Amino acid sequence: MEGLEPAGRWTANERGDAALPPMGWNTWNAFFYDIDEEKVLASAQIMLDSGLAEAGYRYVNLDEGWWSHRRQPDGRMIVNTERFPSAATADGATSFKPFTNHIHAMGLKTGIYTDIGRNTCGQAYGPDDANLPQGSIREREVGLYGHIEQDVALFFEEWGFDYIKVDGCGIRAFGEDSEGVEAGRYRALEPLIDMASIARTDIAQVKSLFTDVAEALAASNRDDDYIFSVCLWGAANVRAWAKEVGNVSRTSNDITPDWTRMLTNFDTTVSRALYAQPHSWNDPDMLFVGQGEFDADHMREARSHFALWAIVNAPLLIGYDLREATDEQLALLGNREIIALNQDPAGHQAVPVYNSEDVQILVKTLANGEKGVAIFNRGLAPIDAVLTAEHLKMNAEKAIVLRDLWNGDMMSFTGEAEMSVEPRETLVFRASGERALTGGIYLSEMPGDVNVAEDGIEYPAGDPTIHRSVIPWTGTRGSGEIPTYAGWGGAQADRTPFGLPLRLDGEVVSSGIGILANSRLEVRNGGHKRFAATVGVDDSASLAGDPVVFSVYIDGELVGQTEPVTLAGGPVPLAADIEGARIVELVARSETSRPFDLPVVWGEARLLR
Ligand code: GLA
């Protein structure tokens, strides 16, 4: 397999200005299609006045609703000047430059929205009163399709935007038999994405279109000061490739201001810690703090939503009309302690260390050696949760100090601590203590430095562990939606690809990477001298005889390898000298014809000083 050859370098995206998860504000959750300049500037001003900008919120992003039409025949995009009066020009060409100048003069940055196809989500799914493009069929083709370089140059070079969100409805919802095409409103574009069928989705072609955007963005932004947001809602196996292309990538369909929908979106990101790194973050969609079940009467829910997004390194994009915000809501969005978890420079997404339908415990390695901890009660009954030293990978004999990030309270425990968590509450702490592993770090503690270059999945499948909610746009019609976003069976920190504890030869392995055979990991070394692990086929494998060879490469060169390892034969140690290496690559190869049955373990995989 080609993808198993050592690359000798980090292959995930490093372009763009997203060393940390982006923070800002976006029109969509606040105003839906009904956007205008006054509304946008009002929230931007409140970002400044309330201290949110100082707390890190920088981007003021337009979502759908800014366009008038695509001028014919030259294809220039024209701004809706009734909505954005400052864009009017004497010759009718329109320009967002006055708008972006205004935002930049406020010390903020600004983003624009488009679609990878010819037409948009609003044109496919919007209500009749949606603020949609006007004109002839061609004029209403406002998406990037056939205009990638032209539009990207216009948005970034001429208009001065700093961020772009590229949606995908145009390559999903405009087939011959779609309503809009049949009614003669739009030209047909053979769908590349079938949300219900990964087999009928042209993954390579989707990736290629988004790669073209990435190239255009790089060409139009020589200073690298841009963010590319990929909005494919977890479809098209985007998990496997968006990290090579964009800076943030949506993991699920749209969030709504409902508790259970928030859970759905959260679940699509929480199991993907190894698929997010600096410059390529998982995006469970924008914040809904302020509305519905996260409104001023539901501050506990709002705090949970915000803290969960923060600890999984989601982009923090406020989706609320800030003119409506209470002081308490502004204080939540501006909570420096929670923001600091999200913006921690090490860039490690939290890892779920305890999982159940009712409670989850998430732990995030921080740059200063502390651990961020969230104890999340998903349900409707209070729960007594126990946090252990093992969850934190800390020494169970020594005192561990917890600082409560909501109220500053300090507490100390040895071994384990019990705490009660109210329904829908999330306790959030910083923990400090002696590390269980002294002199090194487990790979599962540093997901931001691990790139899953190949995860061994040949047949992408939906993840059945994602919370299934009533989706407001269909209600309870039909039989209920099981999310089909491909991703089941991917690499996991401290778990098998299918969510089980790692187990080698009957023993649970508490630290390690679980992945399928025929996979390759790229690991940033960060100055360590030695790699060590116990490797083997996980006990959950269904075939005992299939051999796997585990190899270690540094900067492309083989430095360690096992004999063929089987489940029956048991695990073996594997160590290698990695001094001076930039990138360590871990490859598990199997000749078996059924690799999807072959979960393997990089047990206690660690880098040592
Ligand atoms: C899609 C996206 C949303 C939003 C709308 C706009 O549904 O997922 O985030 O941009 O389109 O129509």
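The values are calculated or read from the model by the stated rules, or taken from the named source; none is laboratory data. Everything numeric here is computed off the predicted structure, so don't read it as measured data. Because the Cβ atoms are built from the backbone with ideal geometry, glycine has one as well, and the counts that use them run over all protein chains shown.
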Fill in: Search result, residues across segment 354-374 that are under 15 Å from L427 (Cα atoms) and surrounded by 18 or more Cβ atoms within 10 Å (Cβ to Cβ)
Q360, I361, L362, V363, K364, K371, G372, V373, A374
Practice prompt. Please indicate, with yes or no, whether at least one residue in segment 318-341 is in contact with a Pro (Cβ under 8 Å, 6 or more places away or on another chain), farther than 18 Å from H391 by Cα and not assigned by TED's automatic domain parsing to the domain that holds M394.
Written response: no
Practice prompt. Can you give me the number of residues within segment 535-558 that are crowded, with 17+ Cβ neighbours inside 10 Å and over 18 Å from P497 (Cβ atoms)?
Written response: 6
Worksheet item: Could we say that G143 is touching a residue at least 60 places away in the same chain (Cβ under 8 Å) and in the same structural domain as V181 (by TED's automatic domain parsing) here?
Response: no
Item to complete: Among the residues of segment 535-558, write down those that are outside any strand (DSSP E or B) and either aliphatic (A, V, I, L, M) or over 29 Å from the mean Cα position of the chain (by Cα) (or both).
Response: D539, A541, S542, L543, A544, G545, D546, P547
Practice prompt. Could you tell me whether L189 is within 16 Å of the ligand (Cβ to nearest atom) and within 12 Å of D115 (Cβ to Cβ)?
Written response: no
Practice prompt. Specify the residue that is farthest from D167 (Cα to Cα); the eligible residues are those in segment 53-69 that are more than 16 Å from the ligand (Cβ to nearest atom) and touching a strand residue (DSSP E or B) at 6+ places or on another chain (Cβ under 6 Å).
Written response: G56
Item to complete: With the condition kept exactly as written, say whether any residue in segment 158-176 is closer than 30 Å to A55 by Cβ, of a type in the set (S, T, Y), within 16 Å of the ligand (Cβ to nearest atom) and in contact with a Phe, Trp or Tyr (Cβ under 7 Å, 6 or more places away or on another chain).
Response: yes
Worksheet item: Wholly within segment 381-477, which strands (runs of 3 or more DSSP E) include no fewer than the required count, namely at least 1 residues that are of a type in the set (D, E, K, R), in contact with a helix residue (DSSP H, G or I) (Cβ under 9 Å, 6 or more places away or on another chain) and farther than 24 Å from N265 by Cβ?
Response: 399-404, 416-421, 426-432, 450-454
Fill in: Of all residues making up segment 335-351, the number that are surrounded by fewer than 22 Cβ atoms within 10 Å (Cβ to Cβ) and either touching a strand residue (DSSP E or B) at 6+ places or on another chain (Cβ under 7 Å) or under 24 Å from G292 (Cβ atoms) (or both)
3
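This table checks each residue for (1) within 16 Å of the ligand (Cβ to nearest atom); (2) over 26 Å from W406 (Cα atoms); (3) at pLDDT 95 or above.
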position: A240; (1), (2), (3): no, yes, yes
position: L287; (1), (2), (3): yes, no, yes
position: D295; (1), (2), (3): no, no, yes
position: R300; (1), (2), (3): no, no, yes
Worksheet item: Restricting attention to segment 250-269, which residues are more than 12 Å from the ligand (Cβ to nearest atom) and either among the hydroxyl-bearing types (S, T, Y) or within 22 Å of E14 (Cα to Cα) (or both)?
Response: T260, T264, T268, T269
Item to complete: Mind telling me which of the residues E563, E585, E579 ends up being in a strand (DSSP E or B) and among the acidic types (D, E)?
Response: E585
Worksheet item: Quick one: in segment 375-402, which of the residues that are in contact (Cβ under 8 Å) with a residue 60 or more places away in the chain and under 19 Å from S510 (Cβ atoms) is surrounded by the most Cβ atoms within 10 Å (Cβ to Cβ)?
Response: K393
Worksheet item: Under the condition of being under 22 Å from the mean Cα position of the chain (by Cα) and acidic (D, E), which residue from segment 167-201 is nearest to I137 (Cα to Cα)?
Response: D167
Response to the item:
Scanning segment 117-155 for residues that are away from the ligand (no atom under 14 Å from the Cβ) and of a type in the set (V, I, T) gives I137, I148, V152
Worksheet item: Filter segment 290-334 for residues that are free of Cβ contacts under 8 Å to residues at least 24 places away in the same chain and part of a helix (DSSP H, G or I); which is surrounded by the most Cβ atoms within 10 Å (Cβ to Cβ)?
Response: A331
Discussion item. What's the number of the only condition in (1) closer than 25 Å to E522 by Cα; (2) away from the ligand (no atom under 16 Å from the Cβ); (3) of a type outside the set (G, A, S) that N221 fails to meet?
Written reply: (1)
Item to complete: Mind listing just one residue for me: the one in segment 273-285 that is assigned to a loop (DSSP other than H, G, I, E, B), buried (at least 24 other Cβ atoms within 10 Å of the Cβ) and not hydrophobic (A, V, I, L, M, F, W, C) and, of those, farthest from the ligand (Cβ to nearest atom)?
Response: P284
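Table: residues versus (1) of a type in the set (S, T, Y); (2) modelled with pLDDT under 95; (3) closer than 25 Å to A214 by Cα.
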residue	(1), (2), (3)
M1	no, yes, no
R15	no, no, yes
P22	no, no, yes
N29	no, no, no
Y33	yes, no, no
D36	no, no, no
Q45	no, no, no
H69	no, no, yes
P73	no, no, no
Item to complete: Evaluate the following for E416: is it more than 28 Å from A314 (Cβ to Cβ), outside the structural domain of G527 (by TED's automatic domain parsing) and loosely packed, with under 13 Cβ neighbours inside 10 Å?
Response: no
